[in-house]
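The values are calculated or read from the model by the stated rules, or taken from the named source; none is laboratory data. Values in this document were obtained by computation on a predicted structure and should not be read as measured data. Ideal geometry is used to build each Cβ from the backbone, glycine not excepted, and the neighbour counts take in all protein chains shown. Calculation scope for accessible area: heavy atoms of the full protein, side chains included, ligands and nucleic acids excluded. Shrake-Rupley method; radii C 1.70, N 1.55, O 1.52, S 1.80 Å.
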Amino acid sequence: MERCVGTDKIILLFESYTSESKYLHESLKKATKDCLAVILAENDFLPKGVLSIYDLVLGNYMEGMENIRTPRYYNELLIPEKWSINAGVEEKYGRITYQHEEKGKIYYAESEKKYMVKAVDWHDRKGVTRFRDHYNRYGVNCARTVYNAEGQPMSKSWFSDKGKEIIVENYVTGDIILNDEDVTKLFRNKVDVFIYVLDKLGLAQNRIFYNSLSTPFLISNGLDSLVNKDVLFWQEPTGEEVPGNMQVILEGRTGRTRKIMVQKRDSYNKLLELGVNPEMIKKLGFIYEFKKENMHRPEALICTNSEEIEHCQELIKAFPKMHFHIAALTMMSTRLMNLKAYGNVSLYPAISAQTLDELLGKCDYYFDINHWDEIASVVYRAFIHNHLIFAFQETVHHREYVADEHIYP
């Protein structure tokens, strides 16, 4: 492992690349902050420009690699002669067979491109999984999980892009072995491994921005305390008491973290209500890149995967000059299909991604009035398309994107 960035670069340390992690990463880039996003969770298919800590250890961060290698497709897997691969068109996984006996199962990465291999399970003659080969976004077999005769995971090994075993995690004892050049290191947990890696790569002196009070906080707190400019970006709801590790920061008992930026208004207000010193926390949102101006056209979008749309018919009747575009990822029930009797309604059952994009560009209003789950992150997408968003108390999915006066009881 060699130093990979200068000490002036901010390290964004995320447990996983959630939507909130992405928004913070993109906001800092728009603010011209020089930063490196590092993900601690195992993820071999991160977006371009985002690295996992395993990338740093294994060397997959090498300059230009993303332009040289591409993901591996199912038909590029190496299998013994006379074995066959079925892509699994009707299923979410493929199969490797020999004389009608299943020898392996292929799992695909979630992507617009189909059939990119994420992992392959290899079975014994009893059909029990004994090995799982993991593939990354460069098409490299980057890791292997070993299972016992009962199909329980025993260990996992990570390999460099040249096939050398670098990390071995023993799932039985919890020990982790790191082969660092000519030195073999033994660790008791992942936090100690990550601290060692960041220090060895020369990143211990960099400022760290993190958004979780679990592993990222423990790493920041365990690194060299000469740096005292780390920042917690709190992106979660606040409960009825201040989280324990946040209390440690507020009491000045951390080596490096001196600031807490709260990114949700309700969470900020709750912390103040709990008695947190307002000088210790700051409110800071995201920098958004809006897709269009709002032209106040009488076109409204509603997205749902159920027939439960609050006051739907009443709204259609109350606003005859407003055209309602009602979309679903699935087929629609008879109850919803009957709405096409209204002249100001268009229905889109089993809507395609392209058509949904077109509607987001066409409409200037979004009614967040469907019950159950939000689909296709559409509230956020309506927000960045500058829609005026309206909701009911019982249907609002993301209050942070809706003005209080637009949420009705």
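Using just the C-alpha positions of the chain as equal point scatterers, what log10 of I(q)/I(0) does the Debye formula give at each q in 0.12, 0.14 1/Å?
Those come out to -1.15, -1.28, one per q.
Provide the convex hull volume over Cα atoms per residue for region 297-409, in Å³.
93
For region 148-233, which GluC sites (Glu not before Pro) are in a loop by DSSP, counting at most 10 other Cβ atoms within 10 Å?
Loop-located and lightly packed - 150, 181.
Of all chymotrypsin sites (Phe, Trp or Tyr not before Pro) in region 170-235, which ones are in loop regions per DSSP and have a Cβ with at most 16 other Cβ atoms within 10 Å?
171
For region 69-144, which GluC sites (Glu not before Pro) are in a loop by DSSP, counting at most 15 other Cβ atoms within 10 Å?
81, 90, 91, 110, 112
Keeping all protein chains in place, calculate the accessible area per residue for the chain (probe 1.4 angstrom), answer in Å².
53
From the phi of every residue in region 97-109, what ³J(HN,Hα) in whole Hz does the Karplus formula 6.51 cos²θ - 1.76 cosθ + 1.60 yield, where θ is phi - 60° and glycine or proline is x?
Per-residue couplings from phi come out as 10, 9, 6, 6, 9, 6, 9, x, 10, 9, 10, 9, 6 Hz.
Given +1 on the Cβ of Lys and Arg, -1 on the Cβ of Asp and Glu, and no further charges, what dipole in debye does region 277-409 carry about its Cα centre, rounded to the nearest 20?
380
Put +1 on the Cβ of every Lys and Arg and -1 on every Asp and Glu Cβ in the chain; which of 198, 219, 247 then has its Cα farthest towards the positive end of the dipole?
Value: 198.
Run the count for region 160-249, please: Lys pairs, Cα-Cα under 22 angstrom, 8 or more apart or on different chains.
Count of close lysine pairs: 8.
Name the residue from 285, 159, 209 whose Cα lies farthest towards the positive end of the charge dipole of the chain, charges +1 on Cβ of Lys and Arg and -1 on Cβ of Asp and Glu.
159
Determine which aspartates and glutamates satisfy two conditions relative to residue 118: a Cα distance under 13 Å, and not lying fewer than 8 residues away in the same chain.
Partners within reach: 42, 44, 76, 110, 133.
How big is the dipole moment of the chain about its Cα centre under a simple scheme where the beta carbon of each Lys and Arg is +1, that of each Asp and Glu is -1, and everything else is neutral? Debye, nearest 20, please.
660
Taking amide hydrogens as modeled 1.01 Å from N in the peptide plane, which residues meet the under 5 Å criterion relative to residue 37, leaving out close sequence neighbours?
Amide H neighbours of residue 37: 12, 51.
Beyond a 19 Å Cα-Cα separation, which of these cross-linked pairs lie in this structure: 113/362; 264/362; 92/156; 292/317; 9/29?
Result: 113/362; 264/362; 92/156; 292/317 exceed 19 Å.
Put a dot 7 Å past each Cα toward the Cβ at residue 160 and residue 107; how far apart are the dots in nm?
Computed distance between label sites residue 107 and residue 160 equals 2.8 nm.
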